[in-house]
Amino acid sequence: MTTATMTGGYVAPAADEHWTVPPAREPDAVNRLVSAPLLESSLWSWRTWWIGVAVSSALTAVMAVCIVWLFIKGIGVWGVNSTIVWGFAIANYVWWIGIGNAGTLISSMLLLMRQKWRASTNRFAEAMTLFAATIAGIFPILHLGRPLYFYWLTPYPNTMTVWPQWRSALIWDFWAILSYILFSIIFWYVGLIPDFATIRDRAKTPARRAIYGAMALGWRGSARHWRAYEILHLTLACLGVPLVVSLHSVVGMDFAASLMPGWQETIFPPYFVVGAMYSGFAMVACLAALVRWGFSMKALITVRHFEVMAKIMLVAAIIMGLSYATEWFTAWYGGEHSDRSLVAFEFTGAYWPMFDALLFCNVIAPQAFWFGAVRRNILAVCVIAVLINIGMWLERILIIWNTLSHDYLPSMWRLFLPTIWDWLLMFGSLGLFALMFLVFVRLVPIVSMHEVRRLVAEENAG
Amino acid sequence: MTNVLLAQFSDGKKLTAAARAARSRNYRVLDAFTPFPVEEVTELLDLPPSRIKCAMLIGGFAAAALAYVTEYYSAAIAYPYNAGGRPLDAWPAFMLVPFAVGILVASICGVGTFLFETGLPRLHYPLFDAQGFDRVSQDAFVLALIRPETADGRNDVMTLLQKADAQLVEELEL
C-alpha cells in the first residue's frame, strides 16, 4: 500500500507497510515455505524435533502417573490443607486458561481491528489456545475430591432429583470452558479448510492427498465458497471476542464472587482478562521464535512481528502494574483491617520473595520494551516473555496462597508447602502442551497460507 | 450438462478485468476460483444473500433461550430452595450459561449453514480434472464462463480472454 492508511484516527506511515520479507513476497513462495515441513520433510533434520518429542512424551507420562496416583490416593498427595484448599491445581488452571486466551484474541480481535500482521501468527496462536485450554480444563476436574462425579456439573434428569447450582461461579466456569474449547476447535478448523486444500494439491503421495483432501472437504476456492467463508469467519470472530472476554471474567469471578480478603474485588474480571492476554502474548512470542527458528520462517515471521508483540506486552505490563497498585490502594483506602493486613502479608509474609519476583517479572522487566533495540532483539523478547510467563504463574499461585493463608480468622492461618506431586503435575502439563504442539507442527500448516497469500498480493499491488 | 470455458490468469486484477469485460458483453460469468477471496469478482456474480448470519442469530438466541429455560425450570420449579430469601429465578446470575451456550450453538449453526450453502463436503468435483486446476489453491486465478452457443460468440469470447491476458483457456462439461 503506498497511500497512508487510516487506522482509528492514526495515519500509518506508508513506507512501513510490509509484513513479509522478500523470499516470501510471492504467493507460491508462501505455499512452499509453509507446506515444506509437511510435504518435504526430508529438507530438515528432525533430530531436535525427536528430542523434543522424547522429552515431552516423558513429561506427559509423568503427568499421567501423577493423575493415576492422585486418583488412587486422593488430593492428600498434594500440599493442600484445610486452609489452603486450592493449591497448584487452580493456579495452573488459571495460568493455562490465560495462555489459552491469546490465540482467540490474536485471531478475532486483531482480525476485527484489521491488523494485518496477525496473518502469519494466528494459526499457531490458535493451536496454542486449543492445547492450553484443553490442559486448563483438566485441572478443575483433578482438584475435585471426587473427580468421577464431575459430570454432576451438567444438568440432566437424575434419580437424585438434584440440579447444578446456577448461581455458582464454578458452574459458570464449566460452561464457559466447555463452550470456549468447542468454539476454538470450530474456529480453528474453519480457518484451516482452504489451507488443507493447498496441501492436498501440493501433496505428492496418494495417501497424503486423500487425508488432506478429506480434511479440506473438497474445497475448490470458488468465489461463492470464499464469500460464505468470509462471512462465517468474520462472524465467528465477532462472537469470539465477547466469548473470550467473558471466559476470563468468569475465571476472575471464581475468586471475586467469594467473600475473601484480596479476592472480593470488582477489578478482578478485567484484571484477569488483561493478565490472560499478557501471558498469552508472551507465550505466542516464545512459540513464534521457536517456529521461526525451527522451520526457517524468517521471511514470514519477521522482527516487526516481535516488535508489535513487545509493544502489546508493554501496555499489558503497565495495566498489570496499575491493577496491582489499585488493589493496594483500595485495601488502604477501604480501611478494612483484613484487607490492609493481607497487603502487608503480601510484602512481608512468608511468600514475599515470590511476590517481589512477581512484581519484577510482570511489571519491571517488561519496561525494557520501551527501548526499540530490545523490542527488535528476538532473544531479548523471548527472555522477557519467559519471565512474564513465570511472573504470571507466580501471580496466580500467590492470589491463592496469600488470601487463603491469611484470611479473616488468625487461628486458621497456615502456609502451603508444595509436594513433589504438585511440581511433577505442573511440569508434566508443560510436557503435554509441548507434545501436542510438536505433533501439530508435523500435521497442520503452521501459518495460515491463504491469509498470507492475500497479504502478499495486497502488499505487491501497493 | 453445461459447457464451460475456463480461463486462467496470473492475478486477481486480470481476472476481475476479464470478468467485467465478459459481463459488459452479456456473457454469463459462472464462477471464479481463486487462492484467496477476490471481492470484486464476488460482486460481479450476483449471488443471492447468504443466510449464514441469520442462521447464527436464530440458533444462538434459541440455544440461549433453551439454556435459560433449563436454569429456570431446575432452580425455580424442579428443585426450588430458599437460601436467605434470595429469588429463585436469579436472572443476573443465570446470564452467563445462556451467553456461552448461545455463542457455541451460533457457531455450530454458522458452520452447518456454511456447509449447506457451499455444498461441502464434496470431495470430488468435475473441475478438479481441468488442466492446472490444482494451482487454484496455490497461485492461479480461474474464471469460469458459460460457453456461447454460436461460433461467433465463441470467437468473440476467446479474443476477449486473450486480450485480458489469459494464460490458459480450456473447455469443460459440467
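The values are calculated or read from the model by the stated rules, or taken from the named source; none is laboratory data. Quick caveat, the model's predicted, so the values are computed rather than measured. When we count neighbours, we look across all protein chains shown, and the Cβ atoms used for this are built from the backbone with ideal geometry, even at glycine.
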What do you reckon, is B:Asp139 surrounded by 15 or more Cβ atoms within 10 Å (Cβ to Cβ), part of a helix (DSSP H, G or I), among the charged types (D, E, K, R) and out of contact with any Leu (no Cβ under 6 Å at 6 or more places or on another chain)?
-> no
Listed residues A:Leu259, A:Leu232, A:Leu217, A:Leu247; which is outside any helix (DSSP H, G or I) and within 13 Å of chain B (Cβ to nearest Cβ)?
-> A:Leu217
How about the stretch B:108-135: which of its residues are crowded, with 19+ Cβ neighbours inside 10 Å, small (Gly, Ala, Ser) and more than 7 Å from chain A (Cβ to nearest Cβ)?
-> B:Ala130
Test for B:Thr70: is it under 18 Å from B:Phe114 (Cβ atoms), of a type in the set (Val, Ile, Thr) and at the interface with chain A (Cβ under 8 Å from one of its Cβ atoms) = no
Those residues that are crowded, with 18+ Cβ neighbours inside 10 Å and part of a helix (DSSP H, G or I), I need them from the stretch A:295-307; list them, please.
-> A:His305, A:Phe306, A:Glu307
For A:Asp195, which of the numbered conditions (1) at the interface with another protein chain (Cβ under 7 Å from one of its Cβ atoms); (2) modelled with pLDDT of 90 or more fails to hold?
-> (1)
Filter the stretch A:302-337 for residues that are without any contact (Cβ under 8 Å) to a residue 60 or more places away in the chain and of a type in the set (Ser, Thr, Tyr); which is farthest from A:Glu395 (Cα to Cα)?
-> A:Tyr333
Take the stretch B:73-107 and flag every residue that is at the interface with chain A (Cβ under 9 Å from one of its Cβ atoms), among the aliphatic types (A, V, I, L, M) and under 24 Å from A:Thr159 (Cβ atoms).
-> B:Ala75, B:Ala78, B:Ala83, B:Val97
When residues of the stretch B:69-127 are filtered for being aliphatic (A, V, I, L, M) and in contact (Cβ under 8 Å) with a residue 40 or more places away in the chain, how many remain?
-> 6
Which of the residues spanning the stretch B:30-56 are of a type outside the set (Asp, Glu), more than 9 Å from chain A (Cβ to nearest Cβ) and not in a loop (DSSP other than H, G, I, E, B)?
-> B:Leu30, B:Cys54, B:Ala55
Within the stretch A:199-214, which residues are more than 8 Å from chain B (Cβ to nearest Cβ) and either in a helix (DSSP H, G or I) or out of contact with any Lys or Arg (no Cβ under 9 Å at 6 or more places or on another chain) (or both)?
-> A:Ile199, A:Lys204, A:Thr205, A:Pro206, A:Ala207, A:Arg208, A:Arg209, A:Ala210, A:Ile211, A:Tyr212
From A:Ala136, A:Ala176, grab the single residue that is crowded, with 22+ Cβ neighbours inside 10 Å and either within 14 Å of chain B (Cβ to nearest Cβ) or touching a His at 6+ places or on another chain (Cβ under 7 Å) (or both).
-> A:Ala176
Can you pull out the residues in the stretch B:92-109 that are closer than 16 Å to A:Tyr189 by Cβ and in contact with a Ser or Thr (Cβ under 6 Å, 6 or more places away or on another chain)?
-> B:Leu104
Restricting attention to the stretch A:347-405, report how many residues are of a type in the set (Phe, Trp, Tyr) and more than 21 Å from A:Ala276 (Cα to Cα).
-> 5
Answer with yes or no whether A:Phe183 is of a type outside the set (Val, Ile, Thr), touching a Ser or Thr at 6+ places or on another chain (Cβ under 8 Å) and in a helix (DSSP H, G or I).
-> yes
What single numbered condition from (1) modelled with pLDDT of 90 or more; (2) touching a Phe, Trp or Tyr at 6+ places or on another chain (Cβ under 9 Å); (3) under 30 Å from A:Arg292 (Cα atoms); (4) not charged (D, E, K, R) fails to hold for A:Leu398?
-> (3)
For the stretch A:187-212, what are the residues that are crowded, with 19+ Cβ neighbours inside 10 Å and within 21 Å of B:Glu117 (Cβ to Cβ)?
-> A:Phe187, A:Trp188, A:Gly191, A:Leu192, A:Ile193, A:Pro194, A:Asp195, A:Phe196, A:Ala197
